[in-house]
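Undergrad: If you scroll down you'll find the structure; I have some questions about it.
The values are calculated or read from the model by the stated rules, or taken from the named source; none is laboratory data. From a predicted model like this one, the values you see are computed outputs, not experimental measurements. No Cβ is skipped: glycine too gets one built from the backbone with ideal geometry, and neighbour counts run over all protein chains shown. Each accessible area value is taken on the protein alone, full model and side chains, heavy atoms only, with ligands, DNA and RNA left out. Shrake-Rupley method; radii C 1.70, N 1.55, O 1.52, S 1.80 Å.
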Amino acid sequence: SGLGLRGEKGIYDRFRGRIIFPISDLQDRVIAFGGRVLGEGQPKYLNSPETPVYTKSRHLYALNMARREIVREGFALLVEGYTDVIGLWQAGIRNVAATLGTALGEEHLRLLSRLTERVVMAFDADAAGISASERGLGFYGDFDLDLRVALLEEGTDPADFVSRHGREEFLRRVEESVPLVDFCLRKVLGEHDPADTNSRLRGVRRAVQVLASLGR
């Protein structure tokens with residue numbers, strides 16, 4: 001199961017000195033663990049290794065608890081971390097699940113497509129979060145899903161945002177979420193200077209490439 005590791009002095013606890021987040025499957029069976037270091041140390045987050053019962057690309061954290069709420073609310077919120085899920089639950093937002101230290105993948109969207117037709121990605125408002133959102137384009141059209149992106153303040157994650165601004169403001173951002181394609185096109189065009197003809201042309205070419213990739 002990967003809970004113990006062999007060292008020079010024998011077997012030791014992989015998750016020593018960490019707060020533990022149990023990871024369950026849709027049948028509410030604990031299949032793995034995540035651990036966040038208490039105090040200083042690296043890595044900040046540590047997950048169970050993949051085993052015969054746990055493949056991280058096939059599971060979403062807290063989906064076993066959120067699935068009924070997802071069906072009831074009519075959409076799923078997708079975030080990146082355990083603490084984002086917990087922060088939103090504390091605010092009364094419970095149709096939320098998180099990826100497990102891996103890129104957004106086909107199996108994640110397949111799971112969600114069984115519950116809803118609409119997925120709003122609320123990833124951290126940093127470069128990694130933006131890249132995570134963009135990965136959804138790789139599966140655009142593979143599932144009958146309305147993929148959208150909630151725009152948060154730069155430098156904040158969903159847990160921080162809801163703590164600072166409250167539940168209603170977070171839900172407003174979700175309500176104002178933009179289609180994933182629009183989000184990616186805005187990012188591409190925003191990286192080029194509209195006042196410079198050559199730069200603007202490069203931006204348009206990149207935008208065309210984004211649109212062309214959707215038909216694959």
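Undergrad: If I ignore ligands, DNA and RNA and count only protein heavy atoms, how much of Arg110 is accessible to a 1.4 Å probe, in Å² to the nearest 10?
TA: Accessible area, nearest 10 Å²: 80 Å².
Undergrad: For Thr55 and Gln42 in the same chain, what is the full-extension length gain: residue separation times 0.36 nm, less their Cα-Cα distance, in nm?
TA: On the way: separation 13, 0.36 × 13 = 4.68 nm, distance 2.30 nm.
Value of the extension gain: 2.4 nm.
Undergrad: Can you put His59, His108, His165 in order of accessible area, largest first, using a 1.4 Å probe?
TA: Details: His59 35, His108 0, His165 80 Å².
Largest to smallest exposure gives the sequence His165, His59, His108.
Undergrad: Write down, largest first, the equivalent ellipsoid semi-axes of region 1-110 in whole Å, where each equals the square root of 5 times an eigenvalue of the alpha-carbon gyration tensor.
TA: One finds semi-axes of 27, 16, 11 Å for region 1-110.
Undergrad: Also, I was wondering about something else. Leu46: accessible area at probe 1.4 Å, nearest 10 Å²?
TA: Its heavy atoms expose roughly 40 Å² to the probe.
Undergrad: Related question: Rounded to whole Å and sorted largest first, what semi-axes of the equivalent ellipsoid does the C-alpha gyration tensor of region 29-70 yield via the square root of 5 times each eigenvalue?
TA: Numbers: eigenvalues 107, 45, 12 Å².
Computed over region 29-70, the values are 23, 15, 8 Å.
Undergrad: If each of Ile19 and Leu5 carries a label point 7 Å out from its Cα toward its Cβ, how far apart are those two points in nm?
TA: Going from the Ile19 label point to the Leu5 one covers 2.2 nm.
Undergrad: May I pose another question? Which lysines, on any chain, are close to Lys44 with Cα under 28 Å apart, when same-chain ones fewer than 8 places away are left out?
TA: Lys9, Lys56
Undergrad: Take Gln27 and Ala103, extend 7 Å from each Cα along the Cα→Cβ direction, and tell me the distance between the two endpoints in nm.
TA: If labels sit at Gln27 and Ala103, their model points lie 3.1 nm apart.
Undergrad: Separate question: Which loop GluC sites (Glu not before Pro) in region 1-86, with loop taken from DSSP, have no more than 16 other Cβ atoms within 10 angstrom of their Cβ? Walk me through the intermediate numbers first.
TA: Details: sites: Glu8, Glu40, Glu50, Glu69, Glu73, Glu80; in loops: Glu8, Glu40, Glu50, Glu80.
Here the GluC sites (Glu not before Pro) that fit, given the DSSP loop and packing criteria, are Glu8, Glu40, Glu50.
Undergrad: Lys/Arg Cβ at +1, Asp/Glu Cβ at -1, dipole of region 1-94 taken about the Cα centre: which of Leu88, Gln42, Gly7 is farthest positive-ward?
TA: Gly7
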